[in-house]
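Let me begin by presenting the structure, written as structure tokens, before commenting on it.
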Amino acid sequence: MPIHEIRESIEQEKIILDANGFGIVQKVINLQDNMSHKMLQCDVFHDNPLPSSTTAFTAELLVTPTPVIYTDMIINGYQNRAPAAANENILFKETTIFEERGTTLPNKEEFPNRFISARPTFTWYMPKLYITLFLHGSTGDEIDNLAMSVYCAVESKKVSLVTYGMGVIREDHIAQVAAVMANGRSIPPARNVGQAYPMWKYGGVRPEYMMKSDAFADFFVSPSFDSSKTVPTAQLRQFAQLARQMVPNLEAFGTGGNVKGDIPDWVKFHLPMGIESGPIREQWPPTKYADNGNTLTL
């Protein structure tokens, strides 16, 4: 399988950011069609680590198989940052914060980090490699003598047209939805403990309803030790329905405050099948026979 070493650079003598303090520089590298490509190594070198700028600015350098669509999310106080590194089309990403007029060395973050990127990482199918630079700063800011070099070692191998076509379609779809990604669930700190077992904050067990022995439970054992009272089938089914009610998290299962008192959820475990699911037919499912005695499929 052939291995291609790609060395490209992005160099601009002067970049002027727009009214939103945003600028984009991009370079496209063509690869072979009908192939799968694996990133063996990728690295970025700042040929001019201290570019000249009237104000501080932030740079995002991305290596992707598709054009990068900026988002509405924030980076270092600026709008329109690049998609997150978790996006599956991001083969390499570096974020650099440059201080005003290059007074100090830039602060850099890389994905994957140098340890991981020294080994084979991601595979893609698009016959392109885009090197994209996003610049964030002040309105009309001028950035001079910006120069970055990118090194990529790519391994390519032949794949079927079906695999190639499905891979290209998938990567194109990922590129389209990258700008609207939102995930994660916000949890109020007060609710962080107790949302899963064991619920030690609440005593280790979930609260339970206790039924009244002289009301709801009187058809199990009569207070006077007489024979059990006969309860209508419809009423037993009502008890089963109340025992099956869904409740909010951490509340007791069942239904409270009924005329007969609280109805715990375990009541439904002791009711006959015909009470829980309705009348039982003599034969279920019903069968029908042909003249020769064979069972017919209804």
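Taken together, the values in this text are just the output of simple stated rules run on the coordinates, not laboratory data. These numbers were taken from a predicted model, which means no experiment stands behind them. Here Cβ is always computed from backbone atoms with ideal geometry, including for glycine, and neighbour counts include all displayed protein chains.
If amide H atoms are built 1.01 Å from N in the plane of the peptide, which residues on other chains or at least 5 residues away come under 5 Å of the amide H of Phe92?
Long-range HN contacts for Phe92: Val63.
Evaluate E = 1/(1 + (r/R0)^6) for Ala179 and Ile29, where r is the Cβ-Cβ distance and R0 equals 22 Å; express this FRET efficiency to the nearest 0.05.
On the way: r = 23 Å, r/R0 = 1.05.
It comes out at approximately 0.45.
For Lys212, go through the lysines and keep the ones whose alpha-carbon is under 24 Å away, minus same-chain ones fewer than eight residues off.
Lys229, Lys260, Lys268
How do Asp291, Asp72, Asp47 rank when sorted from fewest to most other Cβ atoms within 10 Å of their own Cβ?
Going from sparsest to densest Cβ surroundings: Asp291, Asp72, Asp47.
Could you sort out which of Lys27/Lys93; Lys93/Lys157; Lys38/Lys128 sit more than 22 Å apart by Cα distance in this structure?
Lys93/Lys157
Which one of Met126, Pro49, Ser160 is farthest out on the positive end of the charge dipole of the range 3-180, using unit charges on Cβ (Lys, Arg +1; Asp, Glu -1) and the Cα centre as origin?
Projecting each Cα onto the dipole axis, the largest value belongs to Ser160.
Could you list Tyr70, Tyr289, Tyr125 in order of exposure, starting from the residue whose Cβ has the fewest other Cβ atoms within 10 Å? Kindly include the intermediate steps, with their values, before the conclusion.
Values: Tyr70 18, Tyr289 9, Tyr125 22.
Neighbour counts put them in this order, fewest first: Tyr289, Tyr70, Tyr125.
Would you list which aspartates and glutamates come within 19 Å of Lys14, measuring only between C-alpha atoms, while excluding same-chain residues fewer than 8 positions from it?
Counting by Cα, and skipping residues close in sequence, Lys14 has these aspartates and glutamates nearby: Asp47, Glu60, Glu99, Glu100, Asp141, Glu142, Asp144.
Cα-Cα pairs above 12 Å in the range 1-52: how many percent?
Percent of Cα pairs beyond 12 Å in the range 1-52: 78.
Suppose the Debye formula is applied to equal point scatterers at every Cα of the range 3-180; what is log10 I(q)/I(0) at q = 0.14 Å⁻¹?
Taking Cα atoms of the range 3-180 as identical point scatterers yields -0.74.
Given labels modelled 7 Å from the Cα in the Cβ direction, how far is it in nm from Ala190 to Met73?
3.0 nm
Give the calculated FRET efficiency between Thr287 and Thr233 to the nearest 0.05, with a Förster radius of 25 Å applied to their Cβ-Cβ distance.
Numbers: r = 26 Å, r/R0 = 1.05.
For Thr287 and Thr233, the calculated efficiency is 0.40.
Using 1/(1 + (r/R0)^6) with R0 = 22 angstrom and r between the beta carbons of Ser52 and Asp18, what's the FRET efficiency to the nearest 0.05?
About 0.70, to the nearest 0.05.
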